[in-house]
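Reviewing the structure listed below.
The values are calculated or read from the model by the stated rules, or taken from the named source; none is laboratory data. Keep in mind that this is a model prediction, so the values were computed, not measured. For neighbour counting, all protein chains shown are included, and Cβ atoms are generated from backbone atoms with ideal geometry for every residue, glycine included. Surface areas here come from the heavy atoms of the whole protein model, side chains and all, with no ligands, DNA or RNA. Shrake-Rupley method; radii C 1.70, N 1.55, O 1.52, S 1.80 Å.
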Amino acid sequence: MTPKIGPNVAWQIVDGEAIIVDLASGSTIGLNPAGTFVWSQIDGSRDDDAIAGAVAAEFDVSPEIAASDTREFLQSMHARALLVDAAEART
Amino acid sequence: MSDGSYRSKLRALQLAQPLTVQLELTYACNWRCVFCYNPRHFDRTRLSGDEWIAVLDELRALGTLTVALTGGEPLAHPEFFRIAEAARVRAFALRIFTNASLIDDEAADRIAALPPLCVEVSIHGATAAVHDAATKREGSFDAALAGIERLNARGVAVLMKTPITSLNEHEIDEMIALAERLDLPLQIDPHITPRDDGSLEPLQYAASPAAVRRVIDAGLGSGSIPSTERTKGGANCGIGRLTLAIDAEGNVFPCMQWRVKPIGNVRDSALRELWHASDVRREAAEMSVTVNDALLEAGGAIATYPFCPALAMQETGDPTVPDRAFRIRAEIAAELREAANVGAAASAAQAGEAPASTVSTLNT
């Protein structure tokens, strides 16, 4: 999957941590610095493998752990409709 | 992941990161509300779409999350949609303060496509007779309701906002029923503010204490009975730290209500430089602490009710000296809290439980 920030999302960074507003529900969530790093990698062109590679390099963890953690995070955000698949968004 | 909104807000307050911004796109308005704070309904002075979009770029870099487009009537700006769409492209949470009367089908489609966090619509009565008498525009009630219904049909989040006045206070029940019929949350604002030119004329339309009491008691304002907890050296509000406002001419203020002196003008200087270097902003932030400490020292009802130093400044000339309307609201809220505490203690005693503390009662 190539994640892209969803159309119903507003966000900003406060002191290195992302605050994300789901415009559909009005709810707000905060990301920790690791989640914020992943969020900052999402540009609609990098796929989950590329993002996991950046996570492995940034946090000095094994590629397997980075891939697992990154996918879990992306799936969670996708399930909340905070992320969409860039390929689907284009169609 | 967590609900980080409170922690983030606290951190932004410490960092002086203007999370919440109001942009007064135009002074122009198609209504003539008799109690309006804006004395420049006819004034077409305004920043262009390009200038507002440059401001949005700067706000993004400054760390703003929520942008409210207001006026006047913001949809009266000829480039309203270009500005609103640019705000969403930059991932701002967008609020639109409007009278909804200019929202036709095409406008409703474009608003739904943004989408905004909320469209906040001013309604001044439950009937055309009362509403149109307040706005001085025949047909304004029907036009506003038609706009709301178009937004409703497209699933846009709408908040019905009603300033309670001497003109509509007899229609509180009907306004509640209207909001229910339209399936909208209702926020009745007990504040009538002086005009931006300093005139106190709008205050003659202030609602009676009995109506204000009704609004506060029923939680029709900002929910449960408003209260605030103060600690010495804390900030009264986010002025100069969390909030920023820009008027239609590009003047930057630390808050929309605090127009004592602008921080500067976006046509003359970069917003980032104005925000970080301004003595006016710093002084406003320091004033917020002074006000907090003064109210804390005064104690009693006024120490426990949310206070706006800008409104006090307009009426009393001193931000630490509360205005009359604030004193009335604070006293009413204190009485209602006390009555609630007595009721809670009686219920607890009946149930054989320890009475809840004041703080926990207020927080629930």
- Note on the structure: Considering region B:219-261, residues that are among the acidic types (Asp, Glu) and surrounded by fewer than 23 Cβ atoms within 10 Å (Cβ to Cβ), and then whichever is nearest to B:Leu274 (Cα to Cα), we arrive at B:Glu249
- Query: Which condition breaks for B:Pro18 when tested against (1) in contact (Cβ under 8 Å) with a residue 40 or more places away in the chain; (2) outside any loop (DSSP other than H, G, I, E, B)?
  - Reply: (2)
- Query: Among the residues of region A:22-48 satisfying the criterion of being of a type in the set (S, T, N, Q) and assigned to a loop (DSSP other than H, G, I, E, B), which is farthest from the other protein chains (Cβ to nearest Cβ)?
  - Reply: A:Ser45
- Taking region B:187-201 on its own, how many of its residues are buried (at least 19 other Cβ atoms within 10 Å of the Cβ) and either farther than 28 Å from B:Asn292 by Cβ or at pLDDT 90 or above (or both)? 1
- Counting just the residues of region B:202-217 that are hydrophobic (A, V, I, L, M, F, W, C) and within 19 Å of the chain's Cα centre (by Cα), which one comes out surrounded by the most Cβ atoms within 10 Å (Cβ to Cβ)? B:Ala207
- Query: Hey, any hits in region B:3-16 for a residue that's open to solvent by 50 Å² or more (accessible area, probe 1.4 Å), modelled with pLDDT under 90 and among the hydroxyl-bearing types (Ser, Thr, Tyr)?
  - Reply: yes
- Item | Within region B:85-101, considering residues that are within 12 Å of chain A (Cβ to nearest Cβ) and open to solvent by less than 10 Å² (accessible area, probe 1.4 Å), the one farthest from A:Gly26 (Cα to Cα) | B:Ala87
- Item | Cβ pairs under 6 Å, 6+ apart, first in region B:276-304 and touching a residue at least 24 places away in the same chain (Cβ under 8 Å) and closer than 11 Å to B:Gly233 by Cα, second open to solvent by less than 20 Å² (accessible area, probe 1.4 Å) and hydrophobic (A, V, I, L, M, F, W, C) | B:Ser288/B:Ile239; B:Leu296/B:Ala303
- Query: Within the set of pairs 6 or more residues apart or between chains, which connect a residue that is farther than 20 Å from B:Pro78 by Cα inside region B:46-64 to a residue that is among the aliphatic types (A, V, I, L, M) and crowded, with 17+ Cβ neighbours inside 10 Å with Cβ atoms less than 6 Å apart?
  - Reply: B:Glu58/B:Leu271; B:Leu59/B:Val21; B:Thr64/B:Val21
- Could you grab me the full set of residues in region B:63-80 that are within 22 Å of the chain's Cα centre (by Cα) and more than 10 Å from chain A (Cβ to nearest Cβ)? B:Ala68, B:Leu69, B:Thr70, B:Gly71, B:Gly72, B:Glu73, B:Pro74, B:Leu75, B:Ala76, B:His77, B:Phe80
- Note on the structure: Residue pairs within 6 Å by beta carbon, gap of at least six or interchain, first lying in region B:133-146 and closer than 17 Å to B:Tyr205 by Cβ, second part of a helix (DSSP H, G or I), listed first then second, are B:Ser140/B:Asp132
- Message: Being open to solvent by less than 30 Å² (accessible area, probe 1.4 Å), within 12 Å of chain B (Cβ to nearest Cβ), of a type in the set (A, V, I, L, M) and closer than 26 Å to B:Ser8 by Cα: is that true of A:Ile19 here?
- Response: yes
- Item | From B:Arg82, B:Arg110, B:Arg46, residue being open to solvent by 10 Å² or more (accessible area, probe 1.4 Å), among the charged types (D, E, K, R) and not in a helix (DSSP H, G or I) | B:Arg46
- Message: So A:Lys4 ticks every box in (1) in contact with a Pro (Cβ under 9 Å, 6 or more places away or on another chain); (2) within 14 Å of chain B (Cβ to nearest Cβ); (3) farther than 22 Å from B:Leu19 by Cβ but one. Which box is left unticked?
- Response: (1)
- Message: Condition first: open to solvent by 40 Å² or more (accessible area, probe 1.4 Å), under 13 Å from A:Ala34 (Cα atoms) and assigned to a helix (DSSP H, G or I). Now tell me which residues in region A:49-64 satisfy that.
- Response: A:Ala57, A:Glu58, A:Phe59
